[in-house]
Amino acid sequence: MGCDIHCYGEKKIGGDYAREYVGQFFTDICSYGLFGWLADVRNYSGIVPLKGVYEGLPVGACDRIKREYKSWEYDAHNLHYVKVDTLLKVDYEQIIEDRRVTRNGNGGCTCEPGEGRFLTLREFLFEGYFEELDRMQQLDVERIIFWFDN
């Protein structure tokens, strides 16, 4: 059984807490590397999760996203949010170690530190991540709210 992300963007519409729904992001994406980096979910790569990602539903989340989350009832897990500015400030050229390995046909294994593959965070994340980040900027998304199902 796979794990999927459900990710929604919103932007400020006035006041401190008023937000409106902007759209969905990372649809039809099953990237355990991304999931591990954003929320330590299915983190077989052993990557250090991004700082500045918060657990739970943020104050002032728009009604549409609240309804969507509630519609998943017991199947949703690891609810988080992060500001797009946080994503934009990341050094994607930093070197990380991808420790995900396949053992006995199982791709969900993590090797010991130093035994993985070293690459930039940009190389580690799929190309579609950067396309979605650009789309978030174009739509003036302030933050994304996301959770997972399996």
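Read-outs: derived from the displayed coordinates by stated rules, not from any lab. In this text, all values refer to a predicted model and were calculated from it rather than measured experimentally.
Restricting to Cα pairs below 8 Å that are 6+ residues apart, what does the relative contact order work out to for the range 1-105? Please round to a whole percent.
Numbers: 131 pairs, mean separation 24.2, N = 105.
Normalised by residue count, the contact order of the range 1-105 is 23 percent.
Cross-link partners for LYS66 among the lysines, with Cα-Cα distance under 20 Å and sequence neighbours closer than 8 places in the same chain left out: LYS11, LYS12, LYS83. Taking PHE130, PHE26, PHE35 as the candidate residues, the one with maximal mean-square fluctuation in a Gaussian network model of the chain, Cα springs under 10 Å, is PHE130.
For the pair the range 7-86 / the range 92-150, the C-alpha centres are spaced 15 Å from each other. Considering only ILE95, ILE29, ILE65, the Gaussian network model of the chain with Cα springs below 10 Å gives its largest mean-square fluctuation to ILE95.
The alpha-carbon atoms of the chain define a convex hull whose volume equals 113 cubic angstrom per residue. For the options TYR32, TYR81, TYR17, a Gaussian network treatment of the chain with springs between C-alpha atoms closer than 10 Å singles out TYR17 as fluctuating the most.
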